[in-house]
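The values are calculated or read from the model by the stated rules, or taken from the named source; none is laboratory data. Quick caveat, the model's predicted, so the values are computed rather than measured. Here the Cβ positions follow ideal geometry from the backbone for every residue, glycine too, while neighbour counts run over all protein chains shown. Just the protein is used for accessible areas: all its heavy atoms, side chains included, with ligands, DNA and RNA removed. Shrake-Rupley method; radii C 1.70, N 1.55, O 1.52, S 1.80 Å.
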Amino acid sequence: MKLPFSDITPLDKSIPGVQAIEALILPRLSVLYARRAERLRGLNAQAHGEVGYLEFLAHLVDAQAALLANNPLTAQQAIPVSALLGDGSTKPERPTMAVLQETPYWQVAFKFFVETLSPLLPEESSEKLRNLAQADVSVLAEKAGHLLARNYSAVDAGVSVVLWAALSSCWAQAVALAVGQDSKAGSAESHGANCPCCGAPAAGGLVLTGDREGLRYLQCSLCETRWHKVRATCATCHGTQNIDYWTFEKTESPIQIETCGDCHSYLKIFRQDRDPHLDVLADDLMSQGLDELLEEQGFVRSGINPFSFPA
């Protein structure tokens, strides 16, 4: 089946005049998951050597899609979205342990993902996930709290990927509900490379194609929201004077790294105007040599890929 071109809703061409640049773009999650799983499997087919992890991630994204289709988050589930969502501040407050414990949707999602994915994993990895899924909710909430507070080393890497996927499934739908209820929700300017809706770090940047040709948006690593960021502007310090672009390939490469000589941060940019099939999370995994190159030069990544947490 041919997938829709994009998970971004097309602009309404019936509105006359020049379209205003949207501060936020919410994804059509069902399409995003379908495209991401397809992209992971396509990259898996192209890869050489160890490719099992890409196939596992495709199954994880399939599980997110199944959860969305069969058990979507509803406003009636009394999720305190104001307590879940941030304001994009440099150091966003994490949800309290009480909020995490009293928000069952992400917990149900995690247990569903563990049940679905455990048979695909080595016994040691499967056992770690099953033990956490069966643990007291306070233990699970503590692990989730560490991830949201960016204490990534406090959670086993294999557990982190599945746990973050469960949190992401919850937060992405919570943001959509919040914005649907209040058109001003999450419309504040982001501070640095943090999402203005939930405060989580960006996964990377997208230069869009189609109706929004050439516009740059940053994509949230947690709620999948995209927010507009003027090109050639540092996502972290907003500087414009010492911006450089790096790539292994020719100048017209679809994947670049944008560095800032002022704050020494970097962000990976995915040029969908050059390759519309690119996915921020999937294609980041296949271009990590760029990260190694820039980190050797003293630059620090301003965001994260929840498929590959920093050590």
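Hey, can you tell me all the residues within the stretch 58-100 that are open to solvent by 70 Å² or more (accessible area, probe 1.4 Å), modelled with pLDDT of 85 or more and not hydrophobic (A, V, I, L, M, F, W, C)?
Correct list: Asn70 only.
Within the stretch 214-237, identify whether any single residue is modelled with pLDDT under 95, out of contact with any strand residue (DSSP E or B) (no Cβ under 8 Å at 6 or more places or on another chain), over 19 Å from Asp279 (Cα atoms) and not hydroxyl-bearing (Ser, Thr, Tyr), and answer yes or no.
No, the stretch 214-237 contains no residue that is modelled with pLDDT under 95, out of contact with any strand residue (DSSP E or B) (no Cβ under 8 Å at 6 or more places or on another chain), over 19 Å from Asp279 (Cα atoms) and not hydroxyl-bearing (Ser, Thr, Tyr).
Taking the stretch 104-159 only, how many residues are touching a Leu at 6+ places or on another chain (Cβ under 8 Å) and open to solvent by 50 Å² or more (accessible area, probe 1.4 Å)?
Here the count works out to 3.
Need at least 2 residues that are within 21 Å of the chain's Cα centre (by Cα) per element, so show me which helices (runs of 4 or more DSSP H) inside the stretch 93-137 make the cut, counting only ones lying wholly within it.
104-117
Conditions tested, residue by residue: (1) under 26 Å from Val61 (Cα atoms); (2) in contact with a Cys (Cβ under 8 Å, 6 or more places away or on another chain).
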position	(1), (2)
Cys237	no, yes
Ile243	no, yes
Phe248	no, no
Thr251	no, no
Val280	yes, no
Leu285	yes, no
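Considering only the stretch 45-53, I want to know if a residue exists there that is open to solvent by less than 40 Å² (accessible area, probe 1.4 Å) and at pLDDT 95 or above.
No, every residue in the stretch 45-53 fails to be open to solvent by less than 40 Å² (accessible area, probe 1.4 Å) and at pLDDT 95 or above.
I need every pair where a residue in the stretch 244-262 that is under 17 Å from Asp283 (Cβ atoms) has its Cβ under 6 Å from the Cβ of a residue that is assigned to a strand (DSSP E or B) and β-branched (Val, Ile, Thr), sequence separation at least 6 or different chains.
Trp246/Ile257; Gln256/Ile269; Glu258/Ile269
What residue, among those in the stretch 5-40 that are open to solvent by 80 Å² or more (accessible area, probe 1.4 Å) and under 20 Å from the mean Cα position of the chain (by Cα), is modelled with the lowest pLDDT?
Per the criteria, the residue is Phe5.
Just one of the numbered conditions (1) over 30 Å from Arg274 (Cβ atoms); (2) modelled with pLDDT under 95; (3) in contact with a helix residue (DSSP H, G or I) (Cβ under 6 Å, 6 or more places away or on another chain) is not true of Val137; which one?
Among (1) over 30 Å from Arg274 (Cβ atoms); (2) modelled with pLDDT under 95; (3) in contact with a helix residue (DSSP H, G or I) (Cβ under 6 Å, 6 or more places away or on another chain), Val137 violates only (2).
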